[in-house]
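Notes follow once the structure below has been shown.
The values are calculated or read from the model by the stated rules, or taken from the named source; none is laboratory data. Keep in mind the model is a prediction, meaning the values are calculated, not measured. Cβ coordinates were reconstructed from backbone atoms using ideal geometry, including for glycine residues, and neighbour counts include every protein chain displayed. Remember, those area values only see protein heavy atoms, side chains included, never the ligands or the DNA or RNA. Shrake-Rupley method; radii C 1.70, N 1.55, O 1.52, S 1.80 Å.
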Amino acid sequence: MTVHNQQIIIIFVNYYTSILISREKEFAQLIKDNQGLIIKVSRLYTNSLEDEEDLFQEIVLQLWRSYDSFKGNSKISTWMYRVALNTAITLFRKKSKSLPTNELDINHRDFIEDDDEKHQQVSLLYTVIKTLPNVERAIVTMYLDDLPYKDIAENLGITEVNARVKMNRLKKTLKEQMEKYA
């Protein structure tokens, strides 16, 4: 190999290394900026802090694996929700086949004020949301994150009207269930 060829290889390796490092930094910032979205999905599809952390890591891994395939045709949060929910539902289905989940071990450790009543309300809301089927749970999660119905519908592959109707029904169901538990 000639000195010229070695220099070209070194330039090539340095260039692609800098691109990879740049992509990793960009991805890390994306996760940091949207960690609340991942935490919510992780919390609503698990019953323990350990499972929540495992699901969080699995979602981040799946996001990294599919990061290069994100084309920018939708908002980044829409894409992240789609990946997070698909990952959570897939793992939820696998676990529900092997382990019964009768007990709910709720752990609300982030972003909650010390207000006991508010903490109890949030805890109750999460408990009730966890009783919903997967699709309905996903709708409520995205609604609570103030996603427009258009984005919710796009994530779930349903019409915007259907997303609105489902959410209106879910509001009524959630209210009834919270009153029952309160």
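Peptides 61-74, 29-42, 163-176 ranked from most to least packed by the mean count of surrounding Cβ atoms within 10 Å: 29-42, 163-176, 61-74. Using a Förster distance of 35 angstrom, determine the FRET efficiency expected from the C-beta separation of residue 22 and residue 164, and round it to 0.05. Using R0 = 35 Å, I get an efficiency of 0.30.
Students often get this wrong, so check it: of 71/171; 25/150; 32/175; 32/71; 25/118, which have C-alpha atoms separated by over 25 Å? Flagged as over cut-off: 71/171; 25/150; 32/175; 25/118. Normalised per residue, the accessible area of the range 26-89 is 48 Å², obtained with a 1.4 Å probe and no contribution from ligands, DNA or RNA. When a 1.4 Å probe is rolled over the protein heavy atoms, the share of accessible surface on the range 112-182 that falls to carbon and sulfur comes to 49 percent.
Per residue, the range 112-182 exposes an accessible area of 61 Å² to a 1.4 Å probe, with every protein chain left in place.
Treating r as the C-beta distance of residue 181 and residue 32 and R0 as 41 Å, the FRET efficiency rounds to 0.75.
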